1. Would you work out the relative contact order for the stretch A:7-256, in percent, from Cα pairs under 8 angstrom that are 6 or more residues apart?
2. Mind telling me which of B:87, B:228, B:40 comes out most flexible in a GNM of chain B, alpha-carbon contacts under 10 Å?
3. So what's the angle, to the nearest 10 degrees on a 0 to 90 scale, between helix B:314-324 and the longest Cα principal axis of chain B?
4. Measure nothing fancy, just the Cα-based angle from helix B:275-284's long axis to the longest principal axis of chain B, in degrees from 0 to 90, nearest 10.
5. Looking only at other chains, what is the average number of their beta-carbon atoms within 10 angstrom of each beta-carbon in B:206-215?
6. Restricting to chain B, compute how many DSSP beta bridges are antiparallel as a %, nearest 5.
7. Given R₀ = 25 Å, what would the calculated FRET efficiency be for residue B:25 paired with residue B:184, taking r from the Cβ atoms and rounding to 0.05?
8. Please compute the Kirkwood hydrodynamic radius over the protein assembly as shown, one decimal place, Å, based on all pairs of different Cα atoms.
């Protein structure tokens, strides 16, 4: 019998499958970092993990609490600076940005600035862009990991981090570097990509035990569906074991779901 | 996306990027003389930080932060400060606790990364008490860099197409060579920069171990620069490894030795962050009376950083944090 797992463990396990070996990824705090660490153990031993504060290629002894703490360059290849990391992204050398987010719309635009309709008096003030806008503007492909419900999958109150903005060609029209944008959105229900013509979110696979109705009910905008809709491969015991024993033994990320 | 969204902006430019004025200012300071700049935290804060000043804090929120100076700013009840919110997490939380800030260039505030959101920091923005202007981490890092280069702006390829642009002070420009679009971000010259380092000599020649974050440029962009250091070392130690010097004495105004100066933050190779204390701080914020008592215990009634360390567990705690910083020793006891 397969081991039970929680929502966070599932999202991290699925997300870890999308990073190619011998590529470069800049990760945010929490789930994105855990997914990259898991990928490095299971699928992509040649993955170079970068952190925006300047850590490059660490052998992570445990989950960092901050993307700037000393674990992000523990036995690393380089301890450099924030400009060095973002300039590498701007130069086109970084394959993946890996981020989370509070709200996300059908074009993959993310809000992490504020909830409400008055910027000067927000209902909830959120942290702001941090490096998310920069990473999603400059890295070739952006992976986004977030739980799926109608509160999160909706029109964004504030466009902090660009997805495809208003659709195909809009990023280039706004002046962003051509040829990049959101690649996959990994949720607790499914994996979404973006269709070629409209750059709208398209369901590519649904997780074990999830139905199309459940996905639709938890989404605040119309979704496109892949003609070859697949079932997301089951979470393997090996993924859970590595995640729990090597990646996050203290439950910093997976313990909170 | 509607391009008109890129024109009028309601962000507020805290300091005009006047590079010629900055040149004159830096020339007048004449701080190239090799003289001791050693002082106390108390004196540095009262001498260099005036109400209304615009300040910038080095490190990364809970990593290599100048805690002693931040607490002293609160103790001296400085007000109406402007702040560069460049991954400002616990540092902002401290300043918000003392209601010291009334305007902020935001790249990242309010949150403490994986630890959650600070209620006191959130309320400072939600109430409208702090005037906010939006940026990104790269944009603020490059604004420091422009100032450090002595140019009034830099062209960047981020923020484009986002709502961040409408609450910022950027201008869209075209490259004169290729015609491609950039956002011009203005140089940022903070009135006072505050940076914690591993070692400095009495003149302010500083060395840092580990990541620099944005401190190379921040040090050079700041009109006045306060350094706290784990250790004051002899000038000879600096001269043995000048390749490790990242801040030269001629940009430094004050040097204060503050061992464990980044506590409760992390200091690379020396001690890890105190996650229990950071959690207690977040929890205490939920109740005004509890929080007032918390601040009184840890800041207002503490004379200095050593006093603060005593209130949280003293040398026993510091030994634990030193051990946490060295994963290679975790299996050994």
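1. That works out to 19 percent.
2. With Cα springs under 10 Å in chain B, the top fluctuation among B:87, B:228, B:40 is at B:40.
3. The angle comes out near 60 degrees.
4. For B:275-284 against chain B, the angle is about 70 degrees.
5. Mean partner shielding for this stretch: 6.
6. On the way: 14 of 44 bridges.
That works out to approximately 30 percent antiparallel.
7. Details: r = 23 Å, r/R0 = 0.90.
The calculated FRET efficiency here is 0.65.
8. 24.3 Å
Just so you know, all these numbers are worked out from the coordinates, no wet-lab data involved. Here the structure is a predicted model, which is why all the values come from computation and not from measurement. Note that each Cβ is placed from the backbone with ideal geometry, even for glycine, and that neighbours are counted across all protein chains shown.
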